[in-house]
Amino acid sequence: MAEKKSYESWLMSDEFWEAVKDEIPLYERDSQREYKRKPGAGRKAPDYRPILGKILYVLRTGCQWKSIPQGSNAHRYFQLWQEAGFFEWIWAKGLKAYDELQGIDWEWLALDGCMTKAPLAQESVGKNPTDRGKKRDETQSFD
């Protein structure tokens with residue numbers, strides 16, 4: 001029995017693949033560039049399903065691109081497809097499908113966020129515990 005790879009648990013469904021496969025941006029030759037080989041020569045296009053699966057694996061797990069099993073050029077395709085708007089298209093299509101299925105109450109949605117240092121936190125949390133035993137002028141100052 002073949003050992004199950006860690007990314008196989010994140011494989012996309014056949015239904016999802018059928019819905020998005022025709023929208024994957026394909027590589028097109030630059031008409032302004034001169035090529036040594038004729039169109040159709042050279043490497044054949046890869047199977048995009050495993051590449052998309054690996055991209056989704058990274059996006060869902062948060063792992064580093066270089067940690068993808070079996071090595072990959074998935075990051076290059078991610079950049080190309082992101083630039084072409086492919087992932088925004090997937091998001092919009094999924095949002096529309098969810099709206100039709102479940103309904104989105106747009107009135108109650110809000111988007112807000114802010115991540116900054118808390119300069120006044122010194123008052124509520126006290127001195128930095130790693131500063132114990134140091135001379136007064138060596139401790140951290142939040143001025």
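Listing for the model above:
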read-out	value
Extension gain, LYS93 back to THR116 (0.36 nm per residue minus Cα-Cα distance, nm)	5.0 nm
Of LYS66/LYS96; LYS21/LYS66; LYS54/LYS96; LYS38/LYS96, those spanning more than 31 Å from alpha-carbon to alpha-carbon	LYS66/LYS96; LYS38/LYS96
Residue order, fewest to most beta carbons within 10 Å, for TRP81, TRP108	TRP108, TRP81
ASN73-ASP105 FRET efficiency (beta carbon distance; Förster radius 35 Å; 0.05 resolution)	0.30
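Read the figures in this text as sums done on the coordinates, not as results from a lab. What you see is a predicted model, and the numbers here were worked out from it, not measured in a lab. For neighbour counting, all protein chains shown are included, and Cβ atoms are generated from backbone atoms with ideal geometry for every residue, glycine included.
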